[in-house]
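For reference, the structure is listed below as C-alpha cells.
The values are calculated or read from the model by the stated rules, or taken from the named source; none is laboratory data. What you see is a predicted model, and the numbers here were worked out from it, not measured in a lab. Cβ sites come from the backbone with ideal geometry, for glycine too, and all protein chains shown count toward neighbours. Heads up: the accessible areas ignore ligands, DNA and RNA and are worked out on the full protein's heavy atoms, side chains in. Shrake-Rupley method; radii C 1.70, N 1.55, O 1.52, S 1.80 Å.
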Amino acid sequence: DGSHAIIDFKTSRVDKYLSKYARQLQAYAYALENPSDNSELDKLDIAQMGLVVYEPGRFTSVRDTASLSGSLSYVPIERDDSKFETFLNQVGDLLGQPAAPEVVVRQRKFDACPYCTYVANAGALSGAT
C-alpha cells in the first residue's frame, strides 16, 4: 500500500523510558513525512511505529567464546501527532527566546545527584550566576 514503518531496536528494559522512545520515533516519522523542499528524499507515509526490545538476561563464557541470552519482544508505539506538535511548539518557543532561561539547581543532601553538584560548582567557579 506504499506505507512504511519505523522500527527501532533497543537493548534494555524500556518501561521506564517508553515515553522518550515514543517521542524519538515520532520525530523520525515527522522528519520522513516532511522532508525539506530541497531534499532529494521522497515524502514517506509512516503507518506504524514500534520497538524491537532485547532484554539481556544471562551471560556465559567458555574460554574465548561468549554468549548473551535474553528475551525479545515487540512494543507497538501509538502515534500522537497532536502531542508531538505541542512538544515541537514548546521547543520552538524555548529556542526563540533572546537568552537561555536561568537554570535553578535544587539540592537536598539525600538526593543530590553528582552531575547537578558538578554543574552548580562549575557555575560558581566560572563566576556564572
> What do you reckon, how do 10, 43 stack up by accessible area (1.4 Å probe), largest on top?
Replying inline: 43, 10
> Among 55-61, 72-78, how do they line up from the highest to the lowest mean number of other beta-carbon atoms within 10 Å?
Replying inline: 72-78, 55-61
> Taking the Cα centre of the stretch 1-75 as the origin and placing charges on Cβ (Lys, Arg +1; Asp, Glu -1), which of 19, 49, 70 is farthest toward the positive end of the dipole?
Replying inline: 70
>> Between the stretch 1-31 and the stretch 55-87, what is the separation of their alpha carbon centroids in Å?
In response: 11
>> Classify the stretch 1-112 from the C-alpha gyration tensor, please: rounded if a/c falls under 1.5, else prolate or oblate depending on whether a/b exceeds b/c.
In response: oblate
>> Given R₀ = 25 Å, what would the calculated FRET efficiency be for residue 43 paired with residue 93, taking r from the Cβ atoms and rounding to 0.05?
In response: 0.40
>> Considering only protein heavy atoms and a probe of 1.4 Å, how much of the accessible area of the stretch 1-108 is carbon and sulfur, as a whole percent?
In response: 51
